[in-house]
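Have a look at the structure below, then the notes.
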Amino acid sequence: MNWTTALYEYDGSFDGFLCCVFDSYIRRERPLAILCGAQEQTSLETIHSVETQPAHARRVAGSIQKCAPAALSFLRRAFLTCLPEKELLLYRLICRLYDEGPAFLHDPTDPTMYPICRALRHLSGELEKLRGFVRFSAFGGIYAAEIAPKNRVLPALRPHFCARFADQPFLIYDRTHKEALLHAGGRWTIVPMEQFSMALPDETEARYRKLWKTFFDTVAIQSRRNARCQRSHLPLRYRADMTEFQDEDYFAPAEAPQPAGAAQPSVGGADGLPEFFQRPLLQP
């Protein structure tokens with residue numbers, strides 16, 4: 001039986017992607033594109049909607065590990081990147097792994113590996129910056145922060161921040177990918193979240209924001225200011241969410257006094273943030 005072609009559509013998860021690989025071999029189809037469900041397409045090609053089935057994903061994961069034990073973790077990390085058409089590139093990598101074995105995985109100049117390795121370097125650079133540039137605000141005992149990364153960084157940032165704030169409930173909202181990392185009581189989850197907005201700070205939070213801004217301005221040596229060098233180490237796109245680069249409105253407390261614990265971020269599509277930290281869906 002000859003192989004045919006089709007467009008594949010899946011749910012955007014890594015398990016869903018592995019199920020695309022499974023269906024491809026079962027149906028003997030070569031995907032022309034692997035599209036997330038939210039993506040639009042105008043092609044007249046047949047579209048195959050892939051159902052995410054954990055058993056199928058486990059079979060593909062097991063076969064990859066048999067070929068190269070480290071390949072599965074490599075693929076998981078590459079799946080977090082913002083590489084265009086990453087699903088198709090990773091699919092081709094898996095096909096080569098099945099056909100040729102793992103030797104090409106160790107050659108970053110290989111035509112299959114080069115764009116993936118380049119995307120992974122970009123991901124690593126963004127992670128390194130965000131580990132230092134995420135700025136939290138306190139709301140009723142919960143720390144909250146917003147980021148706008150190019151890559152889907154929350155799964156990779158999770159170990160760092162869960163260890164750093166082991167006893168502290170916190171939330172990091174990813175505006176780009178509409179999801180949030182929640183942590184409380186040593187447990188965590190990553191959940192879809194369409195909207196999120198910070199509450200106005202109370203007087204204590206506003207005071208700490210001003211103190212940090214004052215510290216930043218004071219330690220800077222104006223005579224040695226080098227904007228070009230600063231931009232190379234701290235790109236402009238990160239500054240929109242950093243306390244030290246905000247205007248005066250950011251440091252103004254809420255006009256009306258609020259009861260203790262009343263200042264909470266607003267979560268779109270949910271009854272309120274505290275409920276998330278009480279649900280039994282947090283992962284160990």
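Using the Cα centre of the chain as the reference point, and only Cβ charges (+1 on K/R, -1 on D/E), how large is the resulting charge dipole? Debye, rounded to the nearest 20. List each step's numbers first, then the result.
Numbers: 34 positive and 33 negative charges, 229 e Å.
The dipole magnitude comes to about 1100 debye.
Ordered by the number of other Cβ atoms lying within 10 Å of each residue's own Cβ, fewest first, L236, L7, L35 fall into the sequence L236, L7, L35. When the C-alpha to C-alpha distance is required to be over 26 Å, the pairs from K66/K86; K86/K178; K178/K210; K129/K210; K150/K210; K178/K213 that qualify are K178/K210; K150/K210; K178/K213.
Explain nothing, just the number: relative contact order of region 1-88, from Cα pairs under 8 Å at least 6 residues apart, as a whole percent.
Values: 115 pairs, mean separation 31.9, N = 88.
Reported as a whole number, the value is 36 percent.
Taking only Cα atoms and a 10 Å spring cutoff, compute GNM fluctuations for the chain and point out the largest among L154, L200, L80. Comparing L154, L200, L80 in a Gaussian network model of the chain, the most mobile one is L200.
Calculated on the Cα set of region 170-261, radius of gyration then Dmax: 16.6, 47 Å. Size descriptor for region 58-192, Kirkwood hydrodynamic radius: 16.4 Å (Cα pairs only, one decimal).
Per-residue ellipticity at 222 nm, computed for the chain from helices alone with -39500 (n - 2.57) per DSSP H run of at least four residues, works out to -12500 deg cm²/dmol.
As a proxy for reagent exposure, C162, C20 were ordered by neighbouring Cβ count within 10 angstrom, fewest first; the result is C162, C20. Put a dot 7 Å past the Cα of T176, heading toward its Cβ, do the same for V219, and the two dots end up 2.7 nm apart. Which parts of region 51-82 would a label at L127 reach, counting a residue when its backbone N lies under 11 Å from a point 7 Å out along Cα-to-Cβ? It comes to 74, 76-81, nothing else.
Need the full-extension length gain, D15 to F104, defined as separation in residues times 0.36 nm minus the C-alpha distance. One decimal, nm.
Details: separation 89, 0.36 × 89 = 32.04 nm, distance 2.41 nm.
Going from the current span to full extension adds 29.6 nm.
Simple rule: put +1 on each Lys or Arg Cβ and -1 on each Asp or Glu Cβ in the chain, find the dipole, and look at A156, F139, M193; the Cα lying farthest toward the positive end is A156.
For the residues H177, H56, H160, a GNM of the chain with alpha-carbon springs under 10 Å puts the largest fluctuation on H160. For the chain, the equivalent ellipsoid derived from the alpha-carbon gyration tensor has semi-axes of 41, 23, 17 Å in decreasing order.
Relative contact order of the chain: 14 percent, from C-alpha pairs under 8 Å at least 6 residues apart in sequence.
Within the listed set E51, E100, E205, the residue fluctuating most in the Gaussian network model of the chain (springs between alpha-carbon atoms under 10 angstrom) is E100.
Quick note: the coordinates plus some simple rules give every number you see, no bench work behind them. Keep in mind the model is a prediction, meaning the values are calculated, not measured. For neighbour counting, all protein chains shown are included, and Cβ atoms are generated from backbone atoms with ideal geometry for every residue, glycine included.
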